[in-house]
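Q: Below is one structure. I have some questions about it.
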Amino acid sequence: MKVSRDEMQRLTELLRQAYWGKERCEVGTQWQSSVMAVIRQMGPVRSTPPFLSTFEHLVWRLAPATSLLTLGLAALLASMDVVFEYDLFQLFLNAIEESTLAHIFGV
């Protein structure tokens with residue numbers, strides 16, 4: 001935004017007049033109480049809650065459902081006789097070794 005020299009001089013003169021005229025201005029005796037009344041009408045400033053406390057009610061609502069789901073899956077796995085043994089883990093590691101060797105030798 002460009003301001004011409006004439007506009008700048010007029011603005012400077014207006015600000016100068018306002019500055020020198022402040023001593024002649026009458027404020028009154030009630031300005032402090034009227035300002036405090038406006039501040040009281042505004043009320044307290046609301047603070048923002050911490051990040052984790054905004055999700056606290058959600059966590060406590062989901063905790064029982066999560067617990068029941070975990071217990072249900074554990075019971076399902078126990079009824080299906082799924083047992084994690086060393087053989088399953090070894091089978092998984094062998095599959096990783098084979099794929100790694102295939103990449104190394106280009107097979």
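Quick note: the coordinates plus some simple rules give every number you see, no bench work behind them. On a predicted model such as this, the values are computed, not experimentally measured, just so you know. In this analysis, Cβ positions are derived from the backbone assuming ideal geometry, glycine residues included, and neighbour counts consider all displayed protein chains.
Q: Filter the trypsin sites (Lys or Arg not before Pro) in region 1-64 down to the DSSP loop ones having no more than 15 other Cβ atoms within 10 Å, then list what survives. Mind dumping the intermediate values first?
A: Values: sites: K2, R5, R10, R16, K22, R24, R40, R46, R61; in loops: K2, R46.
Those that pass, being in a loop and sparsely packed, are K2, R46.
Q: A further question follows. By how many nm would the segment from T70 to T48 lengthen if fully extended, with 0.36 nm per residue of separation less the alpha-carbon distance?
A: Extra length available between T70 and T48 comes to 4.5 nm.
Q: Can you list the GluC sites (Glu not before Pro) in region 1-85 that are in a DSSP coil and have 13 or fewer other beta carbons within 10 angstrom?
A: Passing sites in region 1-85 are E26, E85.
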